[in-house]
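Encoded as structure tokens, the structure appears first; notes follow it.
The values are calculated or read from the model by the stated rules, or taken from the named source; none is laboratory data. None of these values were measured; they are calculated from a predicted model. With ideal geometry, Cβ positions are generated from the backbone for all residues, glycine too; neighbour counts draw on all protein chains shown. Surface accessibility is based on the protein's heavy atoms, side chains included, excluding ligands, DNA and RNA. Shrake-Rupley method; radii C 1.70, N 1.55, O 1.52, S 1.80 Å.
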Amino acid sequence: MSQDRKTIREIPYSVLDLSPITQGSTPAQSLKNTLELARHTETWGYTRYWLAEHHNMPGVASAATSVVIGRVAAETEKIRVGSGGIMLPNHAPLMIAEQFGTLESLFPGRIDLGLGRAPGTDQLTARALRRDGKSSGQFFPELLAELRGYFAGENHVRAIPGEGLNIPIWLLGSSDFSARLAAELGLPFAFASHFSPEYTVPALNLYREYFQPSEVLDQPYAMIGVNVIAADEEEEARRLSTSMQQQFISLVRNRPAPLQPPVEDMDELWNEYEKAAVMRQLATSVIGAPKTVKEGLQQLLDETQADEMMINAAIFDHQARLHSFELVSEIFKGDR
């Protein structure tokens, strides 16, 4: 092993939670599960707990992202809590400045603001959200500049709370657009490797190559999202992963649904085209017993040189999901 090889024990590990709504359950139960997972992952050494903004999705309970962030922060003590992300074109930047200014005022030093430029939903819902017609990500840079202006106190209108607060802003992306913008502005960058694996290394290379030091960062800082499903046995982890595969099939079919129970044979559910599409999107997913997961995470770190990994786990059974996050924490800490 090369002496300068970075190992997973050396990097922070964090949580991405979509508050999955499972088949036969309710958003209320999903949000209760989110709070329990947050409390546990804090004790297991996770650095951040991010919640994602999605709309019109029967399987996601975190649509009102800022509200959920506030409750998660109130239920925990030290873990950083934030958005992964807020889809900025869905909102007036002033509202986001005030919401996150309020969160930072309530939970000082613990709030992250991760921003994306996609709608986080279908186009019909995007139009319902973006009532001024700005339904394209092309407006993202100017919206970001306006938002940062509120925190800096540079706009004519003032964000109170918000003005003067140091709330870390991250740019999120699944292509090269936000990679370039994060590099240009000297901001930390989080890449959605958990559903856009083929663009991961090119986007990270672009971000690092064009990074301009700023008052925020002296050097690039890149985090990647990773689907990880860990269980005590290989076969069990593979079985649990069929819920995630079904979730992606529903997206391929444009029929979003609650998270489904695992199945024994996926070939009974998908055709060859769907299988290929799903496996392409899940190419960097890490599934297995602890030894397999450890090897998979290290391989991914070798390929990406990520500074941090954010773990997503679409697992139907809540106790199995908790156990997966616990196993992953033991792997990062070197206890496995």
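What the table shows:
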item: Where labels lie 7 Å past Cα in the beta-carbon direction, separation of GLN212 and GLU268 in nm; result: 5.7
item: P(r) histogram, all alpha-carbon pairs of region 248-336 included - 10 Å bins from 0, percent; result: 13, 41, 34, 12, 0
item: Burial order of peptide ranges 11-19, 275-283 (average beta-carbon count within 10 Å, highest first); result: 11-19, 275-283
item: Centre separation in Å (Cα based) which lies between region 43-60 and region 289-305; result: 22
item: GluC sites (Glu not before Pro) within region 1-109, DSSP loop, no more than 15 other Cβ atoms inside 10 Å; result: GLU77
item: Residues of the chain: accessible area per residue with a 1.4 Å probe, Å²; result: 45
item: Estimated FRET transfer efficiency (ARG255, LYS291; beta-carbon r; R0 41 Å; 0.05); result: 0.65
item: Accessible area (Å², 1.4 Å probe, nearest 10) - VAL201; result: 60
item: Kirkwood-based Rg to Rh ratio, region 11-151, C-alpha trace; result: 0.97
item: Inverse of mean 1/r across different Cα pairs in the chain, Kirkwood, Å; result: 20.2
item: Against the rule of thumb 2.2 N^0.38 Å, how large the Cα Rg of region 1-59 comes out; result: 1.52
item: Separation between Cα centres of region 77-109 and region 226-286, rounded to whole Å; result: 32
item: Rounded to the nearest 10 Å², the accessible area of ASP218 at probe 1.4 Å; result: 130
item: The chain - share of DSSP beta bridges that are antiparallel (%, nearest 5); result: 5
item: Solvent-accessible surface ranking, highest first, for ARG321, ARG80 at 1.4 angstrom; result: ARG80, ARG321
